[in-house]
1. Could you tell me the extents of the stretch A:142-183's C-alpha atoms along the three principal axes, largest first, rounded to whole Å?
2. What is the calculated FRET efficiency for A:S97 to A:K33, with r their C-beta to C-beta distance and R₀ = 22 Å, to the nearest 0.05?
3. With no solvent and one equal point scatterer placed on each C-alpha of the protein assembly as shown, evaluate the Debye formula and give log10 I(q)/I(0) for q = 0.06, 0.12 Å⁻¹, two decimals.
4. When the Karplus curve 6.51 cos²θ - 1.76 cosθ + 1.60 is applied with θ = phi - 60°, which whole-Hz ³J(HN,Hα) does each residue of the stretch A:143-151 get, with x for Gly and Pro?
5. Quickly work out the B:T51-to-A:S46 label distance, labels modelled 7 Å from Cα along the C-beta direction, and quote it in nm with one decimal.
6. Evaluate peptide B:159-171: per residue, the Cβ atoms of other protein chains within 10 Å of its Cβ; return the mean as an integer.
7. Going down the table (B:K70/B:K181; B:K5/B:K96; A:K93/A:K244), which pairs top 20 Å between alpha carbons?
8. Placing +1 at every Lys and Arg Cβ and -1 at every Asp and Glu Cβ, with all other atoms neutral, what dipole size does the protein assembly as shown have around its Cα centre, in debye to the nearest 20?
Amino acid sequence: MKRGALNVFASKKSLNNYKFKKNPSLGFRGLMKKSWWKILTVIILSYVFIWGFAGPIPAQPILHETARNLYFHVPLWFGLIALLFISWIYSIKYLRSGKVEYDEISSELINVSVVYSVLGFITGAIWGKFTWGQPIPNDPKIQYVAVAMLIYFAYLVLRSSFEDDQRRARVAAVFNIFAFVLFNVLIVVLPRIVNFSLHPGNGGNPGFKIYDSDHIMKLVFYPAVIGYTLLGLWISTIRIRIRKIERIISEM
Amino acid sequence: MQEIKALIEKEIRLEWRQRYALNGMLLYIVSTVYVCYLGFNVRVGGIDPITWNTLFWIILLFTAVSAISKSFTQERTGRLLYYYTLASPQGIILSKIIYNSCLIFLLSSVGFLVYSLVMGNPVDNTLMYWLSIFLGSIGFSSTLTLVAGIASKAENNATLMAVMSFPLILPILLIVISLAKNALDGVAWSVVQDKILLLIGIDIIVIALSYILFPFLWRS
């Protein structure tokens, strides 16, 4: 098949590959080259940090000012789920195409997600100490989320136990695809059906919306979710570029 | 379908020829139950139902993990290559899941009978309890078979199997334990319908995922 001319017999799939090869600004690789979203991340997160502490929040009985943690604890977890979802998509893409870049993308996204989960636990513990009395109480959601992150720790152990690159990438991709589905069952489905939980929205409790009585927390909350997701993407793109350089050096 | 039936027959025949593996698993479950009996020093009244139930399911979990971890490593590498040329990967994974489900159900039934013999039987709704054992066997088997397949491709088989299987099996384990507890208490069927549907849903999702993903594993 000639690269220059358009092959009449090309199927739709190979035409798409052709389009991607000619236009590298699409997809993750394209995203890594641009910088507008990184500037946007800095602006959003600065806004969240400053207005999150200085801006007004509705007055709540037990929470008082700790409700501001909503701008940090929950966006970290939402960002984590977004990063894991993108990693899942790239694992599927890796299995279909076999390109090693996709494997690098999915594994670095999981690395960043693991760090986010540790931060999520720390912010949750700080919040819990003021509102529930203990940093880590006996709450089903906390326990299920801990087990869910154990899945991704197991992913890291799995990756480290392989010597062969291609095998490692393929088996890790299979595990990631399988694990993400069960991860979602653990953190979304199970906490909603338990009888008792301290977390809002789970175990029969109403969601956090009732605490946001003036709807002004949304102004900082939604940008925070976007900001943390973009920050996670930024960190993982840097790590992906480091791995790509290492790979190119080792292939020389 | 024919292929799957033939593969299941192959698994059964292999297992029957080397009966020591099957006997080993039976002995494992009976001796674990007996150790619990001795450890808890059960008096006439029997132990607290929650403890009874949870302990039973923990024993079943470990039996299932140790039984299924052998399922991919039992055959020699030459023979695995032979299967690769003969049978489709989908057939292999489905046959292994079905075979492992039957195996775990058999082991669980034996375990349940011995357990109720030595530790007392506080179960109110026995049919629901058998249903929970049945659905639990399918759930454990489908998850653990794929995990065993993943672990068999790696170097450090046993540790990897243990590390990977515990977090992935937990959703199924938790739902099954709560369903079994409801059976113990004699709760009405209408109340547990959601849990049963959720269990069946998770089982179907896991089996479908195994069906789709196993061919990629099989290639290497």
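1. Taking the Cα atoms of the stretch A:142-183, the three principal extents are 36, 17, 6 Å.
2. Calculated value: 0.60.
3. Values returned for q = 0.06, 0.12 Å⁻¹ are -0.34, -1.17.
4. 5, 5, 5, 4, 5, 4, 6, 4, 4
5. Those two pseudo-labels are separated by 6.2 nm.
6. So the per-residue partner count for this stretch is 6.
7. Numbers: B:K70/B:K181 30 Å; B:K5/B:K96 11 Å; A:K93/A:K244 18 Å.
Flagged as over cut-off: B:K70/B:K181.
8. 2120 debye
The values are calculated or read from the model by the stated rules, or taken from the named source; none is laboratory data. Since the structure is predicted, the reported quantities are computational estimates derived from the model, not experimental observations. Note that we place each Cβ from the backbone using ideal geometry, even for glycine, and neighbour counts take in every protein chain shown. To get the accessible areas, we keep the full protein, side chains included, count just its heavy atoms, and leave off ligands, DNA and RNA. Shrake-Rupley method; radii C 1.70, N 1.55, O 1.52, S 1.80 Å.
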